[in-house]
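Novice: Sharing a structure with you now.
The values are calculated or read from the model by the stated rules, or taken from the named source; none is laboratory data. Just so it is clear, the model here is predicted, and its values are computed rather than measured. Note that we place each Cβ from the backbone using ideal geometry, even for glycine, and neighbour counts take in every protein chain shown. Each accessible area value is taken on the protein alone, full model and side chains, heavy atoms only, with ligands, DNA and RNA left out. Shrake-Rupley method; radii C 1.70, N 1.55, O 1.52, S 1.80 Å.
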Amino acid sequence: MANPLPDLAPQGKKSAFMRFLDVVERVGNKLPHPFILFVYLALLVMVVSAVVSAFGVTVVHPGTQEEVAIKSLISTEGLRYIIDSMLDNFTGFRPLGLVLAMMLGIGLAQQVGLVQTFMRKTILNAPRSLVTYAVLFTGVIGNLASDAALVIVPPLAAMVFYALGRHPLAGLAAGFAGAGAGFTANIFIAGTDALLSGISTEVAQTIDPNLVVTPVDNWYFMSFSVLMLMVVGAFVTEKIIEPKLGKYEGNVDKGLEQITEVENRGLRNALIAGLIYLGLVSLLVLPSGAPLRNEEGGLVPSPFLNGIVPIIFLFFVTVAVAYGVTVGKIKESKDIPQYMGEAMKQMSGYIVLIFAAAQFIAYFNWSNLGIWIAVTSAEFLQSMNMTGVYVVVGFTLLTALLNLFIFSGSAQWALMAPIFVPMFMLLDYHPAFVQLAYRIGDSSTNIITPLNPYILVVLAFMREYAPKAGFGTLFSLMLPYTLFFLGAWIVIFLIWSLLGLPIGPGVGMSLH
């Protein structure tokens with residue numbers, strides 16, 4: 001087969017961007033595993049707390065207005081705290097229960113094949129003129145299945161484009177862009193929402209013990225982001241990537257696996273079950289005096305928002321069981337917990353990581369280093385008159401850069417949140433707003449960091465159509481998506497902020 005991308009394969013002297021990516025890869029590969037990284041950071045906090053404490057540093061707590069001293073972890077009190085709190089730091093870490101509960105439901109839907117069939121159905125049944133949008137939409141909402149979308153959507157999109165006489169690598173690029181760079185957006189509440197909001201709450205309560213960031217606090221903005229990513233992604237695919245690739249001259253044997261009749265029935269029954277469930281929830285929420293409203297009859301805050309995770313969990317269990325029973329995946333009641341157990345196996349790495357991250361955050365908070373750094377940084381920014389929303393945009397760009405070196409979104413937020421959430425809260429920014437700025441930067445560069453383990457998987461899919469394609473080929477295709485997605489996201493973020501629109505139910509840019 002002739003190579004359809006002779007002008008894209010890396011040849012001769014590397015470009016400045018490719019040399020930069022080489023540096024990113026070398027530096028990133030030298031970083032320890034995130035678990036070990038948090039162990040090192042916890043040790044660093046211990047040492048720094050001892051040094052700063054030795055100088056008698058104090059700070060006025062912005063919440064209580066009391067003067068608090070930096071406490072040393074290398075002291076009798078500190079060592080007792082480390083030993084006594086280790087298990088509580090882990091089991092009481094807010095994201096742990098939220099994420100595991102969410103993944104029990106979403107994982108069940110994935111194990112019975114509902115999520116995968118829905119993604120295939122969306123792409124295969126899309127009208128020819130809307131295929132690109134369908135690919136991007138499926139990739140973006142595919143984060144419900146966590147990383148599975150990065151394996152399912154790109155090769156499926158390549159096959160659909162090839163069947164339509166379009167360049168298969170354009171389809172693969174669009175699928176990877178949606179699933180990778182659009183990972184944080186969704187019209188549904190996903191595991192990412194629960195994970196990040198739990199960390200945000202854990203950190204924000206060092207300033208305001210009553211403040212809670214819920215999984216729906218970014219929902220309005222992230223739901224709109226799905227539409228934005230579809231439009232921008234389709235523009236990049238059809239106006240930049242496909243003209244660059246030209247006509248595909250290869251000849252491969254790729255057939256599309258159609259949705260079976262029983263799978264269609266499964267989707268139909270899942271839809272019916274989902275609508276019935278949502279109807280029942282509506283009866284508990286919408287009428288005046290409904291049990292899930294607050295005492296004043298409102299929804300912000302309310303038992304409904306406080307209980308959004310179990311409500312979403314039960315939704316996914318409902319639709320998954322309806323689909324699984326229809327297609328024969330669930331034959332007995334015992335199959336349900338077995339599938340949930342299989343889903344939990346995929347969370348083992350996350351649980352191990354959280355153990356170390358929880359200790360780091362707890363030590364950081366107990367020592368009062370977090371409050372001291374936040375107050376000092378906020379005062380510095382105020383003295384420099386750098387308190388506008390553009391400072392938050394700078395934080396987004398910093399996040400995008402760091403994501404090239406720390407691919408795990410949860411690990412990076414656990415690292416950045418203890419510093420930046422309190423700092424921006426002292427500048428009157430809501431922690432959910434800061435979290436949103438983080439998500440934009442973190443998501444955009446997922447598809448160009450050499451540390452993304454799925455880049456090798458996507459490259460393998462790419463070589464089925466272009467055997468000589470290399471990393472240069474892949475990065476040259478994905479860079480336009482990163483730049484356009486990040487740019488468009490920042491513009492919308494600024495417009496959203498200037499208009500004062502809520503980013504989630506009852507949540508805006510500022511704390512007041």
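Novice: If I259 meets every condition in (1) closer than 28 Å to L196 by Cα; (2) not in a helix (DSSP H, G or I) apart from one, which number is that one?
Specialist: (1)
Novice: Could you tell me whether I361 is within 30 Å of L73 (Cβ to Cβ), aliphatic (A, V, I, L, M), open to solvent by less than 20 Å² (accessible area, probe 1.4 Å) and part of a helix (DSSP H, G or I)?
Specialist: Details: within 30 Å of L73 (Cβ to Cβ): yes; aliphatic (A, V, I, L, M): yes; open to solvent by less than 20 Å² (accessible area, probe 1.4 Å): yes; part of a helix (DSSP H, G or I): yes.
Here the answer is yes, as I361 does meet what is asked.
Novice: Would you mention how many residues in the range 416-470 are in a helix (DSSP H, G or I), open to solvent by 20 Å² or more (accessible area, probe 1.4 Å) and among the basic types (K, R)?
Specialist: 1
Novice: Of G250, G274, which residue is outside any helix (DSSP H, G or I), of a type outside the set (F, W, Y) and surrounded by 14 or more Cβ atoms within 10 Å (Cβ to Cβ)? Write out each step before concluding.
Specialist: On the way: G274 fails: outside any helix (DSSP H, G or I).
On inspection, the qualifying residue turns out to be G250.
Novice: Given (1) under 30 Å from M423 (Cβ atoms); (2) open to solvent by less than 50 Å² (accessible area, probe 1.4 Å); (3) of a type outside the set (A, V, I, L, M), identify the lone condition not met by G341.
Specialist: Failed condition: (1).
Novice: Six or more apart or on different chains, Cβ atoms under 7 Å: show the pairs whose first residue is in the range 486-497 and surrounded by fewer than 20 Cβ atoms within 10 Å (Cβ to Cβ) and whose second is in a helix (DSSP H, G or I) and small (G, A, S).
Specialist: L486/A400; L486/S444
Novice: Could you look through the range 396-408, keep only residues that are open to solvent by 20 Å² or more (accessible area, probe 1.4 Å) and assigned to a helix (DSSP H, G or I), and pick out the one that is farthest from G487 (Cα to Cα)?
Specialist: Per the stated criteria, the residue is L402.
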